[in-house]
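Below you'll find the structure, written out as structure tokens, and then a few comments.
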2 protein chains.
Amino acid sequence: MTMRTQLSVVKIGGNIIDNPEACSRFLQDFSKVKGPKILIHGGGKVATQVAASLQIETKMVDGRRITDKPMLDVVTMVYGGLVNKNLVAQLQSLGTNAIGLTGADGGIIRSVKRPVKSLDYGFVGDIVAVDGKQIEQMIASGLVPVIAPLTYSNEGLLLNTNADTMASATAVALSTYFDTNLLYCFEKKGVLADPDDDDSVLESLTPPTYTAYKAKGSINKGMIPKLDNAFAALTDGVGKVTICHANDLAQAVLGNAGTVVTLD
Amino acid sequence: MTMRTQLSVVKIGGNIIDNPEACSRFLQDFSKVKGPKILIHGGGKVATQVAASLQIETKMVDGRRITDKPMLDVVTMVYGGLVNKNLVAQLQSLGTNAIGLTGADGGIIRSVKRPVKSLDYGFVGDIVAVDGKQIEQMIASGLVPVIAPLTYSNEGLLLNTNADTMASATAVALSTYFDTNLLYCFEKKGVLADPDDDDSVLESLTPPTYTAYKAKGSINKGMIPKLDNAFAALTDGVGKVTICHANDLAQAVLGNAGTVVTLD
């Protein structure tokens, strides 16, 4: 196997986006990550706040946002505009040549509107294609993609999309061109053996240990889709997946922090 | 002089953006324009409406918007998010590989915050640099830039910026690589000899005729900065400038509609 360039695909959660100091610190660390890189960001609470100010009701079912048309406009404004462009402008001031994108831009991440079954999620997208070649060309011209959690359909719809899934799908698509290192950064130090002890970070997690911790109930609800994404990404060609605290990005890129998710 | 590829740089005004039918028709025509192209869009009234819904006061002095911090956030949401990403998604559905950008994205259009003199415009940018090479690389990889009226400063500020000026500065910067054709599309058929007669379109306009129509008062306030931009663009290397109705884009690209602005 030939040596390939390492690409860091970094997902940053909404809780960090919502905290200006934490976000600023994270962006400084991200700007120092060597080599080609991609940032994928969550939404954060600003969309809910803007919706409330516009007297648009935020509908949640089973902890999931229902995206009706007024809410789609709000998330397009907040995720695709306010959050994304401020991240880009801050990264530019740090010397990182960021380019803010949704899945629609350059047609990089296409989805279909989620079919209505027991629940109508509204304008929510399930990813069907990532144009890794287009993203690779941007990276080759020196750009650092900063991707908001929105995709688009063939019909010209924008669709609200899970950022964790966008990160894993992007990392998989770029694995054709790079040795990809997918890092999920959030407000915990990694996957915890004991959800009540922030320092009980697992150094690594394999499918059998994951199954065991799920059975014990110590790996909790929000972490399960993240880990399912992580294992799927590894199966589909991603070189490495790490789950870490946003403050630990610099160490995690080097393999010295967070939980490393592995297949064996 | 060698033959160079023609690049169409098309500015679309806010009045067209605000009208879904007119905008949809325009996008269909724009998607059919042959060869490399760039779309630069104005803001439209949605920002004012969103600001009003958020109970943010829109401050105007001499017909110009004063961009305080709450209003900067609104225009970032509306111009950079809602308007820009919906244009991109619609163009993608028409088979045009659009990529939505502000000046901050890829560092393509940098500005300085306008110095406070008799009036403090707030977070408004005066353009200092356009990275034509970066835009040319995007075009070379098959992308169609769709640019929102926002730029950025070295300090990481986003800045509200006049879309007409962004269009002319972009056309000038790209003239190093292309034979540029700058088209200002709006809700009139061109420059009018008589502002009360929509059919009194001037076929062409030169500096002496411009001076004469200004002296007569038949070229009005809003048209003057647009024409000043047009003449400056020609002086700085743009091949051709046309001012036309948004419905006439297809004909204007071929030189068969609107007012052609020329130096002699």
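Bear in mind these aren't lab numbers, they're just calculated from the coordinates by the rules spelled out. Everything numeric here is computed off the predicted structure, so don't read it as measured data. Here the Cβ is made from the backbone with ideal geometry for all residues, glycine too, and neighbour counts use every protein chain on show.
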TODO: Could you line up B:HIS41, B:HIS245 from fewest to most neighbouring Cβ atoms inside 10 Å?
DONE: B:HIS245, B:HIS41
TODO: Could you list A:TYR213, B:TYR184 in order of exposure, starting from the residue whose Cβ has the fewest other Cβ atoms within 10 Å?
DONE: A:TYR213, B:TYR184
Open item on the list: Just to confirm the numbers: A:THR235, label point 7 angstrom along the Cα-Cβ line, distances to the other copies in nm, shortest first?
Closed with: 6.5
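Show me the trypsin sites (Lys or Arg not before Pro) within region A:134-222 that DSSP assigns to loop and that have at most 16 other Cβ atoms within 10 Å of their Cβ. Before the final figure, lay out the partial values.
Details: sites: A:LYS188, A:LYS189, A:LYS214, A:LYS216, A:LYS221; in loops: A:LYS188, A:LYS189, A:LYS221.
Hits after loop and neighbour filter: A:LYS221.
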- [ ] Using the charge dipole of region A:6-186 (Lys, Arg: +1 at Cβ; Asp, Glu: -1 at Cβ; taken about the Cα centre), state which of A:ASN86, A:VAL112, A:VAL75 has its Cα farthest towards the positive end.
- [x] A:ASN86
Open item on the list: List the pairs from A:LYS11/A:LYS214; A:LYS133/B:LYS11; B:LYS59/B:LYS117 whose alpha-carbon separation is above 20 Å, in the order I gave them.
Closed with: A:LYS11/A:LYS214; A:LYS133/B:LYS11
Task: Chain A Cβ-axis minimum, rotational copy B, residue and distance in Å - done: A:GLY81, 1
Open item on the list: Taking beta carbons within 10 Å but only from partner chains, what does the mean come to for residues B:50-56?
Closed with: 2
Task: Percent RCO, i.e. relative contact order, over chain A, from Cα pairs under 8 Å lying at least 6 residues apart - done: 22
Open item on the list: Give me B:ILE109, B:ILE38, B:ILE99 sorted ascending by neighbouring Cβ count inside 10 Å, so fewest comes first.
Closed with: B:ILE38, B:ILE99, B:ILE109
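At a threshold of 8 angstrom on Cα-Cα distance, excluding pairs fewer than six apart, so keeping six or more, what relative contact order does region A:90-130 reach in percent?
Working: 38 pairs, mean separation 13.1, N = 41.
It rounds to 32 percent for region A:90-130.
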TODO: Per residue of region B:253-263, in order, report the coupling 6.51 cos²θ - 1.76 cosθ + 1.60 (Karplus, θ = phi - 60°) as ³J(HN,Hα) in whole Hz, putting x for Gly and Pro.
DONE: 4, 7, x, 10, 7, x, 9, 8, 8, 9, 7
Open item on the list: Within 10 Å of each Cβ in A:208-221, how many Cβ atoms from other chains are there, averaged over the peptide?
Closed with: 0
TODO: Report, for B:THR58, each distance to the same residue's label point in the other copies, shortest first and in nm; define the point 7 Å along Cα→Cβ.
DONE: 2.7
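For region B:1-87, which trypsin sites (Lys or Arg not before Pro) pass both filters: DSSP loop (anything but H, G, I, E, B) and at most 16 other C-beta atoms within 10 Å?
Values: sites: B:ARG4, B:LYS11, B:ARG25, B:LYS32, B:LYS34, B:LYS37, B:LYS45, B:LYS59, B:ARG64, B:ARG65, B:LYS85; in loops: B:ARG4, B:LYS34, B:LYS45.
Sparse-neighbourhood loop trypsin sites (Lys or Arg not before Pro): B:ARG4, B:LYS34, B:LYS45.
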Open item on the list: Please report, for A:ASP194, the nm distances (one decimal) from its label point, 7 Å out from Cα along the beta-carbon direction, to the equivalent points in the remaining copies, shortest first.
Closed with: 8.9
Open item on the list: At 222 nm, what value in deg cm²/dmol follows for chain A if DSSP H runs of at least 4 each add -39500 (n - 2.57) and the sum is divided by all its residues, to the nearest 500?
Closed with: -10000 deg cm²/dmol
